[in-house]
1. I need every pair where a residue in the stretch 500-514 that is modelled with pLDDT under 90 and surrounded by 10 or more Cβ atoms within 10 Å (Cβ to Cβ) has its Cβ under 6 Å from the Cβ of a residue that is among the hydrophobic types (A, V, I, L, M, F, W, C) and assigned to a helix (DSSP H, G or I), sequence separation at least 6 or different chains.
2. Give the number of residues within the stretch 585-617 that are without any contact (Cβ under 8 Å) to a residue 60 or more places away in the chain, closer than 23 Å to PRO535 by Cα and open to solvent by 40 Å² or more (accessible area, probe 1.4 Å).
3. Within the group PHE617, PHE572, PHE609, which residue is out of contact with any Phe, Trp or Tyr (no Cβ under 6 Å at 6 or more places or on another chain), assigned to a strand (DSSP E or B) and of a type in the set (Phe, Trp, Tyr)?
4. From the set of residues in the stretch 407-460 that are of a type in the set (Phe, Trp, Tyr) and over 17 Å from the mean Cα position of the chain (by Cα), which is surrounded by the most Cβ atoms within 10 Å (Cβ to Cβ)?
5. Could you list, in sequence order, the residues of the stretch 606-634 that are over 16 Å from GLY569 (Cα atoms), of a type in the set (Gly, Ala, Ser) and within 54 Å of the chain's Cα centre (by Cα)?
6. Given the condition modelled with pLDDT under 95, under 27 Å from VAL382 (Cβ atoms) and under 25 Å from the mean Cα position of the chain (by Cα), answer yes or no: does some residue in the stretch 270-293 qualify?
7. Test ARG356 against the criterion of being touching a Ser or Thr at 6+ places or on another chain (Cβ under 6 Å) and either under 25 Å from ARG216 (Cα atoms) or part of a loop (DSSP other than H, G, I, E, B) (or both), and give yes or no.
8. Out of the residues in the stretch 228-247 that are touching a strand residue (DSSP E or B) at 6+ places or on another chain (Cβ under 9 Å), open to solvent by 30 Å² or more (accessible area, probe 1.4 Å) and among the aliphatic types (A, V, I, L, M), which is farthest from ALA178 (Cα to Cα)?
Amino acid sequence: MTPGRHVIIGTAGHIDHGKTALVKALTGIETDTHPQERARGLTIDVGFAYWKEGVTLLDVPGHERFVKNAVAGVSSVDLALFVVAADDGVMPQTREHLAILRLLGVSDGIVALTKTDLVEPEWVEMVVEDLRELLAGTFLETAEIVPVSSVTGEGIDGLRELLEARIAAVGERPDRGALRLPVDRAFSMSGFGTVVTGTVLAGSVRPRDELVLQPRGRPVRVRGVQIHGADVAAAGPGDRAAVNFSDLNVADVARGDTLAEPGFFEATSLIDAHLRMLPDAPAVLKHRDRLRLHLGPGEVLGRVVLLDADALAPGESGFVQLRLERPGVAAHGDRFVARRYSPARTMAGGSVLHPRPRPHRRRRPEVLEQLRRLQAEDPGAVLEALLFDAGAGSNSAADLAPVLGRSVAEVEARLGELRDRGACVDFEQAGRRRFVHAGAWERLGGEILAALAGFHEEQPLQPAVSREELGRRIGGGHEAAVFQAAAESLAADGQVRLEAGRLSLPGHRVELTAEQEGLRQEIAAALRDGGARPPDEGELSGSLGRPAAEVEAVVAVMQERGELARLDGLLFDAAVLERIESDLVAYLREHGQIEVAGFRELVDTTRRFALPLLNYFDGKGLTQREDALRRLVPGAVDSRGNAAGD
């Protein structure tokens, strides 16, 4: 076995087939610890036997009434110890436990044929044949079937040796990085406070960690961590851990809750999944049927929305959306078991495709296609599917990591791989890398170029369009930050011009008609003649006898060309403005300062025009205001590039 690796062995089988006695014979530990269990002679809850360093044996109940507890135990096992009593043979819960093992993805195990002391050897051989027939086509098809007796000890040593060999061969459990510890027990201990136990499925838990108890959203602080009753600095993937808290009441935690890093495994009431009916399911599953859903150690009731069928018969499969009656937690790839609401019988199992999806309408091809993409086992392919589903929206690694239940660092690295092979693009916003699917990015770029072409055709005298106006032309569905990043990318590639938040196509040039050119000359003459008291746009329209819209369009062209300037809504000829600046600089060099009244006299204007002009010179860094006075800014440069200040 890999050093530091913890292996979970789980028993499974029908009631009274000797699972608990077998565990005791193998380990010397009694797992029926509850008084009710001892009195009734059957296991009600999951029992735990800490067999040896790095190995825990889970004894799960076999009675039909306690199958939900059996699911809680099986959900985290590495190796199944499938138990069948020789005197009974294959029984109903034998079949159901085998189905549960398969549905939860258990892939390795050993079969123990117990109570061989109660039957003749010929009967044992017959039961073995029956078992081979039952196990055909399952992960236990080629598993060893070991006859044993917990009473006489026959076969126990051989089974123990076989288990030890299989334990040594168990590989290291893949670590998703983000802490996930489903709670299967919670109790209070004097001097310790509240203690929860469970198997660490991913990440690690340490004393003083700040965690969240989900789906309650309850912040907690870890006081201590134990494995096999000994204090440890950390518990990692596969470890059976006991975690205690000083700030948590035992009434505030229950089986099925999950200890997680903040931001991970948050409450959800909707889950997208792929569901597969058992070949011997007890009934047809219909749209909106109520089910008992076993997600890890928890059970939650919910309705099933069949997305691509009206019903699923035994052996069939399909895409579903599970609508939970109370919040649960899940991540992509999680296995679950679905049992009939009443009578409670195992019907199906499945895997989670999206733990927090949008509500779906049935029989939508685009929804079904997206769910097919999410069936990928490769995390990179799943991330690409999630980016595809986001369209022109962006996601950071921190956004996507909780969906996969993987660490932010791993998701960041996988997104980088997608970017490097051209499957997505990234940009930075507020210090965080954000990612967009390459197809959506390309479509948005095409929409920007098409919208710009349309704008230039409709408004030939407008040199450019604002990002906001262009965004409205394209329509909704794109994120503002993505739109801006896409526009900047097009500008960097030379496909658009982007200046002061306004966009245009590089080849676009404003061309005036002969009539418009005549109007331009008339406007220029009127502004030159007005000097420091020019007419505004409304006055121009009246004096020239032209519609306001025509004057406004030509004025915009002149402004873009630098032939005039707009100061607080007033229009000044560029040459006139340069002359006013020259006169102001000369005066300030000689006199050092000027008041508003002096400026009015200097350039022959009124207060209406003087204040916008002085504010303009302040704004361009030529002058600075000191109370009611203006002075030259030291080192200032005028419009001709000459030094204006001292």
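The values are calculated or read from the model by the stated rules, or taken from the named source; none is laboratory data. Computed from a predicted model, the values in this text were never measured in an experiment. Every residue, glycine as well, gets a Cβ built from its backbone with ideal geometry; the counts of neighbours run over all protein chains shown. Note: areas computed on protein heavy atoms with side chains; ligands, DNA, RNA excluded. Shrake-Rupley method; radii C 1.70, N 1.55, O 1.52, S 1.80 Å.
1. VAL510/VAL557
2. 9
3. Details: PHE617 fails: assigned to a strand (DSSP E or B); PHE609 fails: assigned to a strand (DSSP E or B).
Result of the check over PHE617, PHE572, PHE609: PHE572.
4. In this case the residue turns out to be TRP441.
5. GLY621
6. Yes, that holds for at least one residue.
7. Considered against the rule, which asks whether it is touching a Ser or Thr at 6+ places or on another chain (Cβ under 6 Å) and either under 25 Å from ARG216 (Cα atoms) or part of a loop (DSSP other than H, G, I, E, B) (or both), ARG356 comes out as yes.
8. VAL232
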